[in-house]
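The values are calculated or read from the model by the stated rules, or taken from the named source; none is laboratory data. Treat the numbers as computed from the prediction; the structure is a model and nothing was measured. Virtual Cβ from ideal backbone geometry, glycine too; neighbours counted across all protein chains shown.
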Number of protein chains: 2
Amino acid sequence: MTAPFADRLASAVREKRSPCCIGLDPRPEWLPSEIRSTLAVRPTAASIARALERFHTRILERIAPIVPIVKPQLAFFEQLGSAGVAAYEDLVERARRLGLLVLADAKRADIGTTSEAYARAFLGGGSVEGAEISPPAADAMTVQPYMGSDSLEPFVEACDRRAVGVFVLVKTSNPGSAELQELRCGERRVCDHVAEMVARLGRTRVGASGYSPVGAVVGATHPSDLAPLRAAMPHAVLLLPGYGAQGAKADDVVGAFDARAGGALVVAARSVNFAYRRSDGAEDRDWEGSIERAARDMNASVAAALERAGKPLR
Amino acid sequence: MTAPFADRLASAVREKRSPCCIGLDPRPEWLPSEIRSTLAVRPTAASIARALERFHTRILERIAPIVPIVKPQLAFFEQLGSAGVAAYEDLVERARRLGLLVLADAKRADIGTTSEAYARAFLGGGSVEGAEISPPAADAMTVQPYMGSDSLEPFVEACDRRAVGVFVLVKTSNPGSAELQELRCGERRVCDHVAEMVARLGRTRVGASGYSPVGAVVGATHPSDLAPLRAAMPHAVLLLPGYGAQGAKADDVVGAFDARAGGALVVAARSVNFAYRRSDGAEDRDWEGSIERAARDMNASVAAALERAGKPLR
């Protein structure tokens, strides 16, 4: 039997000595020239999707020994239509074969029966007349809280049945996140109410690692929010986007970690995924080496910051 | 040049004399036996996706003369992976060829550059090295407000550039919608703040019909909310899910319409899409006729309710 998601994640973080998650946001226009040169003169969605598969095959082999988990961003696959979604499916299978956990950054949610279909789309388990018909399943996915906890329950039920995880948007990394998320409703902000929802859904589901499969997205771009939200959701793994290109630094994220240096994942996307692109528009010839180095540098920076904060990785 | 989305919608509503939108939520297990019998003994995602294409070809021909717009629910396609997304693309092309408007019920949103990719995925306009690479574009899509207006701006910019529309979740039809959406922040609820965001994004974009491309989702299951939210968003087309299987009746929705009987779309999904399934589990032999009849009955019920409310369709 598969161990619960949070326990599998905790093991992988220990094994790789890294609480870092690499976001994969495949922008066709930013592919390295070695890969771009394989495209036809007049690219099609299908030819770009195949180029993405080549790109990811090479990246995943480099980062699989270094980090526990990758986070493909569905939007960048879906913009290529069904061909792009096939490239996403290829990525999920490759990453899992390499021992990486996969977090589908899909940010879905809808009324109950529709959320059930989204859970099958990203976390598996669909069947028709006894035949499995789901695409390759990720280990976890991100979800939207606006519709309320009945819209999230189908995802949480998938966690119970299939040992997967879910990350609920609580406080996002974008500049406009305050607009709704920090509205004050009595004593608390909207995002504090969502944090309570996350804590409630996770409370009865805590595994051997001390964490539940119901995690939370909390932008690393809001350092002062991290410790209070950590305290409000003691059993939630916090996913911290915003490191690197969005501006957050390693010392900004330490508040999200508990005393055991567990329960949080720092996410970098562009700054690792496209590390070979220099600020002057030129490109490192050893593009794979640049990606690997950026991932190793991120690991080292986060480990050093945790050490300074008295929460060393173990 | 294509007319703005809200103007195209207003024309189609007048022409068909119907403010009804049919939701297409393809559940493989509910396909009519005539279509199910074409599946192999052991169905695959690809064989089911082809069955969905046959199903939709037949449905769309029946409902195209009757209603202005259809709303495919992405979750039910995505649960079949890339094969299902290809079936969605097929549906979009067929529906548009038949003169139907298409509203992609995708409920997406993310940080700005990711929302741009989602806008390209559903509303078109993506290109790489001068070649168009987007999948078939819908006329409009649904989006999530939780991340704030900077996460919605890329969709609104697509409205400006491509004469498409966007519907922001304001007050959803599910039982748990109150949990966040009705939290009180000072004088107003969270959903009232989102309504203000919708009104603000639409204000400078009002077309000849009197409506903007920035619409709002307001569940028909909350009749007392409809008139106040209508007043708060005077230029927004309101999309009203919840009619039929979710319990709302024609008289419940009249508050969403303004004095010209414009600016609102009543949505039924299951009660039309699967009208041939009887409560005893049997199936109408003329399944296409049942779907057509359910759509016509819905049109008649909504028109009669609007007449009773003194807002006749013109």
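May I ask you to list the residues in the range B:115-147 that are in a loop (DSSP other than H, G, I, E, B), without any contact (Cβ under 8 Å) to a residue 24 or more places away in the chain and among the small types (Gly, Ala, Ser)?
Across the range B:115-147, the qualifying residues are B:Gly126, B:Gly130, B:Ser134.
Hey, does the range B:81-104 have a residue that's within 7 Å of another protein chain (Cβ to nearest Cβ), in a strand (DSSP E or B), closer than 22 Å to A:Phe77 by Cα and in contact (Cβ under 8 Å) with a residue 24 or more places away in the chain?
Looking for residues that are within 7 Å of another protein chain (Cβ to nearest Cβ), in a strand (DSSP E or B), closer than 22 Å to A:Phe77 by Cα and in contact (Cβ under 8 Å) with a residue 24 or more places away in the chain, one finds none in the range B:81-104, hence no.
May I ask you to list the residues in the range B:87-114 that are of a type in the set (Lys, Arg) and surrounded by fewer than 24 Cβ atoms within 10 Å (Cβ to Cβ)?
B:Arg94, B:Arg96, B:Arg97
With respect to B:Leu123, determine if the residue is within 9 Å of another protein chain (Cβ to nearest Cβ), modelled with pLDDT of 95 or more and touching a helix residue (DSSP H, G or I) at 6+ places or on another chain (Cβ under 9 Å).
Against the criterion (within 9 Å of another protein chain (Cβ to nearest Cβ), modelled with pLDDT of 95 or more and touching a helix residue (DSSP H, G or I) at 6+ places or on another chain (Cβ under 9 Å)), B:Leu123 does not qualify.
Could you identify the single residue in A:Ala305, A:Ala275, A:Ala294 that is farther than 28 Å from A:Val198 by Cα and either assigned to a helix (DSSP H, G or I) or hydroxyl-bearing (Ser, Thr, Tyr) (or both)?
Being farther than 28 Å from A:Val198 by Cα and either assigned to a helix (DSSP H, G or I) or hydroxyl-bearing (Ser, Thr, Tyr) (or both) holds for just one of A:Ala305, A:Ala275, A:Ala294, which is A:Ala294.
Identify, by number, the condition in (1) at the interface with chain A (Cβ under 8 Å from one of its Cβ atoms); (2) buried (at least 17 other Cβ atoms within 10 Å of the Cβ) that B:Thr44 doesn't meet.
Only one criterion is unmet by B:Thr44, namely (2).
Any residue at all in the range B:199-213 that is in a helix (DSSP H, G or I) and either within 13 Å of chain A (Cβ to nearest Cβ) or farther than 25 Å from B:Ala119 by Cα (or both)? Quick ask: steps written out before the conclusion?
Start the filter on the range B:199-213 by keeping residues that are in a helix (DSSP H, G or I), which leaves B:199-203.
Those left that are additionally either within 13 Å of chain A (Cβ to nearest Cβ) or farther than 25 Å from B:Ala119 by Cα (or both): B:200-201.
The answer is yes; a qualifying residue exists.
Among A:Asp110, A:Asp150, A:Asp160, A:Asp139, which is more than 9 Å from chain B (Cβ to nearest Cβ) and more than 17 Å from the chain's Cα centre (by Cα)?
Numbers: A:Asp110 fails: more than 9 Å from chain B (Cβ to nearest Cβ); A:Asp150 fails: more than 9 Å from chain B (Cβ to nearest Cβ); A:Asp139 fails: more than 17 Å from the chain's Cα centre (by Cα).
Step by step, each of A:Asp110, A:Asp150, A:Asp160, A:Asp139 is checked, and only A:Asp160 is more than 9 Å from chain B (Cβ to nearest Cβ) and more than 17 Å from the chain's Cα centre (by Cα).
Please specify each residue of the range B:167-194 satisfying the condition of being assigned to a helix (DSSP H, G or I), aliphatic (A, V, I, L, M) and closer than 18 Å to A:Glu182 by Cβ.
Hits for the range B:167-194 are B:Leu180, B:Val190, B:Val194.
Among B:Ala245, B:Ala282, which is surrounded by fewer than 19 Cβ atoms within 10 Å (Cβ to Cβ), in contact with a Lys or Arg (Cβ under 7 Å, 6 or more places away or on another chain) and not polar (S, T, N, Q)?
B:Ala245
For A:Ala248, indicate whether it is of a type in the set (A, V, I, L, M) and within 14 Å of chain B (Cβ to nearest Cβ).
yes
Which condition number does A:Val41 fail, the rest of (1) in a loop (DSSP other than H, G, I, E, B); (2) touching a helix residue (DSSP H, G or I) at 6+ places or on another chain (Cβ under 6 Å) being met?
(2)
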